[in-house]
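Asks: Before I ask anything, let me first share the structure, which is written out below as structure tokens.
The values are calculated or read from the model by the stated rules, or taken from the named source; none is laboratory data. None of the values given here were measured: they were computed from a predicted structure. Neighbour counts are summed over all protein chains in view; Cβ atoms, including those assigned to glycine, are modelled from backbone coordinates with ideal geometry.
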Amino acid sequence: MNTKSRILETGDNQISYPYNLHVSNKKNGRGWALGIDIVKYKSQIDYITAHSLGTVIKCVDYLSGTNGVPDREGMGYGNYIILRHSDTLCTVYAHLEKVYVKEGDTVMPGTRIGLMGNTGSSRGAHLHLELRDYKSPIKTSSSLNNEQLFTWLDPTRYINASLPICKKYSGFIDSISTSGVSGWLWNGIDDVAEYATVRLLRLGKVVKTFSGKASAYRSDLAVSGKGNGHHAYDVRIDLSTLPSGTYTVDVIAPDGTVLGYSTPDSPHTITVPTRVFSPGSAFRLSSVPVYNAETGPSIGTRSGTYYIHSLPISNGRIRMTNLRSRVGKPGQVSFWVEAGKL
């Protein structure tokens, strides 16, 4: 991909006719479309590449080497391509000499899609580039050029910048267990591996969160048009440091969208059982305050797996040791910890 231009394969962008002049021409009846005209700096001709990930939804490719000749729809674009980048946002590449894609193709940023030309109502080889924002999701190619259905945006600021695409997240929670939460999450546009955040809530307050990438492949997602299908997540969760009780589980998309459950009767909660304290029981600690005795200030925090050394619980604290082989043996207490933190 050309690092100097998201539209020209090898050269620098040179705007030969800016957006404001197109606006002026249209107001005065001397033009029909709003966009910018681009040539390759100094040498003018270049191959045209896809600005961003998109789907080809319109191609005209039967004209060659002509100018002033409209296509069969009566447009002046000559050979042209329309790429859809979201439900409503499209780019248009017009006056092409050659077209290298077909309708239905998915193209990556930097993919060669055409050759700059002079077809249609054109005075000299150049690329006419448009950015259109349709008023409702695009469902057919039959009325793509009906300007009552879209708004032209000035593409100048986006020549070498990301398009103003609003990601619309969707997805579900398919299953939950005491070790993980799985489902799928897609941003509705591209195949970026988005993060799913699992939340555990108690009495409406978030107690703990876990995060993981939604990047695993599921064939049902690919078949149903969810990008390339690599949008499944399986987020591992750790309940070992949580007090016993019942927690509500939900999953949050990067924009704050709360994902629902794939089936209405799916369980929405996880129960942490009441802990049984007996010598040798293992507990995993995560930055838990520890103590030298059953009274006194903390001596710091510990993380890792530790074992109950011995009972009883005294002043709410219990003896712990770092090896199972040291359980119950005199002089092998590593520290005391509040039983409620286990």
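Asks: Is there a residue in segment 240-261 that is touching a Ser or Thr at 6+ places or on another chain (Cβ under 9 Å), assigned to a strand (DSSP E or B), among the polar types (S, T, N, Q) and farther than 30 Å from Ala196 by Cα?
Replies: Among the residues of segment 240-261, not one is touching a Ser or Thr at 6+ places or on another chain (Cβ under 9 Å), assigned to a strand (DSSP E or B), among the polar types (S, T, N, Q) and farther than 30 Å from Ala196 by Cα, which makes the answer no.
Asks: Please find, within segment 50-89, the residue that is modelled with the lowest pLDDT out of those that are acidic (Asp, Glu) and closer than 18 Å to Asn118 by Cβ.
Replies: This residue is Asp71.
Asks: Looking at segment 1-42, which of the residues that are part of a loop (DSSP other than H, G, I, E, B), modelled with pLDDT of 90 or more and among the aliphatic types (A, V, I, L, M) is nearest to Leu127 (Cα to Cα)?
Replies: Restricting to residues being part of a loop (DSSP other than H, G, I, E, B), modelled with pLDDT of 90 or more and among the aliphatic types (A, V, I, L, M), the top hit is Ile7.
Asks: I need a count of the residues in segment 139-170 that are under 16 Å from Arg84 (Cβ atoms) and in contact with a strand residue (DSSP E or B) (Cβ under 8 Å, 6 or more places away or on another chain).
Replies: Of the residues in that region, 12 qualify.
Asks: When segment 293-306 is examined, which residues are found to be within 22 Å of Ser325 (Cβ to Cβ) and not small (Gly, Ala, Ser)?
Replies: Arg302, Thr305, Tyr306
Asks: Restricting attention to segment 107-136, which residues are part of a strand (DSSP E or B), farther than 22 Å from Asn160 by Cβ and under 26 Å from the mean Cα position of the chain (by Cα)?
Replies: Tyr134
Asks: Only residues that are surrounded by 14 or more Cβ atoms within 10 Å (Cβ to Cβ) and of a type in the set (Lys, Arg): list them for segment 14-54, please.
Replies: Lys26, Lys40, listed by residue number.
Asks: Among what's in segment 171-194 and is surrounded by fewer than 16 Cβ atoms within 10 Å (Cβ to Cβ) and not hydrophobic (A, V, I, L, M, F, W, C), pick the residue that is farthest from Arg236 (Cα to Cα).
Replies: Of everything passing the filter in segment 171-194, Gly188 is farthest from Arg236 (Cα to Cα).
Asks: Using the structure shown, decide if Lys213 is more than 16 Å from Thr271 (Cα to Cα) and either at pLDDT 95 or above or touching a helix residue (DSSP H, G or I) at 6+ places or on another chain (Cβ under 8 Å) (or both).
Replies: It is true that Lys213 is more than 16 Å from Thr271 (Cα to Cα) and either at pLDDT 95 or above or touching a helix residue (DSSP H, G or I) at 6+ places or on another chain (Cβ under 8 Å) (or both).
Asks: Same structure, new question: Of the residues in segment 228-244, how many are out of contact with any strand residue (DSSP E or B) (no Cβ under 6 Å at 6 or more places or on another chain) and surrounded by 13 or more Cβ atoms within 10 Å (Cβ to Cβ)?
Replies: 4
Asks: Can you tell me which of (1) surrounded by 14 or more Cβ atoms within 10 Å (Cβ to Cβ); (2) under 23 Å from His22 (Cα atoms); (3) not charged (D, E, K, R) is the one Ile113 doesn't meet?
Replies: (2)
So that you can scan it fast, the table gives a plain yes or no per residue for (1) modelled with pLDDT under 95; (2) more than 33 Å from the chain's Cα centre (by Cα); (3) within 22 Å of Ser179 (Cβ to Cβ):
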position: Asp255; (1), (2), (3): yes, no, no
position: Thr269; (1), (2), (3): yes, no, yes
position: Arg275; (1), (2), (3): yes, yes, yes
position: Ser278; (1), (2), (3): yes, yes, no
position: Phe283; (1), (2), (3): yes, yes, yes
position: Leu323; (1), (2), (3): no, yes, no
position: Gln332; (1), (2), (3): no, yes, no
